[in-house]
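The values are calculated or read from the model by the stated rules, or taken from the named source; none is laboratory data. Predicted model only: the values in this text are computed from it and were never measured. Using ideal geometry, Cβ is built from the backbone for each residue, glycine included, and neighbour counts are taken over all protein chains shown. What goes into the accessible areas is simple: the full protein's heavy atoms, side chains included, and nothing from ligands, DNA or RNA. Shrake-Rupley method; radii C 1.70, N 1.55, O 1.52, S 1.80 Å.
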Amino acid sequence: MIDLKGKVAVVFGLANKRSIAYSVAQKLAEAGATLVLSYQSERLQREAEELLSDLGQTGTGRAFQCDVSRDDQIDALFAQIASAFPKIDILIHSIGFAPADALKNDFLLTTREDFRIAHDVSVYSLIAVARGATPLMTDGGAMLTLTYYGAEKVFPNYNVMGVAKAGLEAAVRYLATSLGAKNIRVNAISAGPIRTLAARGIGEFSQILNAVTARAPLHRNVEQAEVGNTALFLCSPLASGITGEITFVDCGFNITGV
Ligand code: NAD
Ligand code: 0WE
């Protein structure tokens, strides 16, 4: 059994119960970790407090607002965390965003501004929150982000997000190297497609799910809880020798050729 009692985990990207981050937070909390949830906008404050209580964190965990495209908000967030907890141990980055047009239009038409936003929110934010968290990880730690196979192979309409995920995966390797001497590990999970808020309105999503059922060695799609379990492992002492790695949790889809 993995025991995270006394450990503090900061979780970015928990919008609702279907979020991949919800399942990750749930597994960390079940293992005894105290949760700090970071939500994007003031509008989500009530939901965040409710999610904290659903996760059994009333009176122990905290929720703070932070838009990761804003340096001032990241600074303010880690100042709030530092005043509430003496140290943190785990950081979960489960954030990705590109303007809707960039996921609809031909990739050739990607605008400079849409490219910038996708990379700012989906890639630079990992570097920024890692830097904010590092001074609080005085006892070493584990950082984890979420990526997708579209970083390596072309999926229709994933477009600039695929380019951003390729950058994110490279950032994982550079951060792992930067933080290794502090005994802070940095990894990513490459999750198979899951119906979440981030999948809403994506026309081809059902086709992508069907392709996994047909082709993946396990002939089914992955569940949030399976991503949560792998996240728990990667953030636990059981994974003490793993850093800079991209772990697929995709029912084996990525190994198939046809
Ligand atoms: P989700 O919509 O539940 O989570 C995305 C989160 O990003 C939301 O909580 C949103 O508030 C947050 N976010 C966006 N912009 C932000 C900003 N400026 N500041 C702070 N937070 C911001 O969807 P999800 O599917 O759980 O996505 C989480 C991660 O998993 C993303 O990185 C996504 O790319 C990745 N992923 C998703 C799938 C999938 O099929 N759903 C597969 C592989 C990887
Ligand atoms: O990373 C993602 C989705 C990320 C995402 C989703 C949206 C929808 C709403 C980023 N930005 C936005 N912007 C919006 O306005 N996934 C891995 C899920 C996903 O998205 C796809 C996929 C898959 C899988 C888009 C096209 C094709 C496949």
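I want to confirm something. Restricting to the range 188-222 and keeping residues that are touching a residue at least 12 places away in the same chain (Cβ under 8 Å) and among the basic types (K, R), which single residue is surrounded by the fewest Cβ atoms within 10 Å (Cβ to Cβ)? Applying the filter and picking the extreme gives R220. Does A225 satisfy the criteria of being free of Cβ contacts under 8 Å to residues at least 40 places away in the same chain and assigned to a helix (DSSP H, G or I)? So A225 fails the test. Condition first: within 16 Å of ligand 2 (Cβ to nearest atom), exposed (fewer than 15 other Cβ atoms within 10 Å of the Cβ) and part of a helix (DSSP H, G or I). Can you find one or more residues in the range 120-140 that meet it? No, that holds for no residue.
Would you say A25 is under 23 Å from G192 (Cα atoms) and either out of contact with any Ser or Thr (no Cβ under 7 Å at 6 or more places or on another chain) or crowded, with 21+ Cβ neighbours inside 10 Å (or both)? Show your work before the answer.
On the way: under 23 Å from G192 (Cα atoms): yes; either out of contact with any Ser or Thr (no Cβ under 7 Å at 6 or more places or on another chain) or crowded, with 21+ Cβ neighbours inside 10 Å (or both): yes.
The answer is yes for A25.
Within the range 141-175, work out how many residues are assigned to a helix (DSSP H, G or I) and either within 18 Å of G192 (Cα to Cα) or over 13 Å from the mean Cα position of the chain (by Cα) (or both). Full working, then the answer.
As a first pass, look at the range 141-175 and keep what is assigned to a helix (DSSP H, G or I): 149-151, 160-175.
Then drop every residue that is not either within 18 Å of G192 (Cα to Cα) or over 13 Å from the mean Cα position of the chain (by Cα) (or both), which leaves 149-151, 160-171, 173-175.
Selection size over the range 141-175: 18.
Of all residues in the range 229-258, those satisfying the criterion of being open to solvent by less than 70 Å² (accessible area, probe 1.4 Å) and under 14 Å from the mean Cα position of the chain (by Cα) are T230, A231, L232, L234, C235, I246, T247, F248, V249.
The lone criterion from (1) under 21 Å from S23 (Cα atoms); (2) open to solvent by less than 30 Å² (accessible area, probe 1.4 Å); (3) away from ligand 2 (no atom under 11 Å from the Cβ) left unmet by E226 is number (2). Residues of the range 57-114 that are within 13 Å of ligand 2 (Cβ to nearest atom), part of a helix (DSSP H, G or I) and open to solvent by 10 Å² or more (accessible area, probe 1.4 Å): A100, D101, L103, K104, F107, D114. Residues in the range 149-168 that are near ligand 1 (Cβ under 9 Å from one of its atoms) and surrounded by 22 or more Cβ atoms within 10 Å (Cβ to Cβ): M161, A164, K165, L168.
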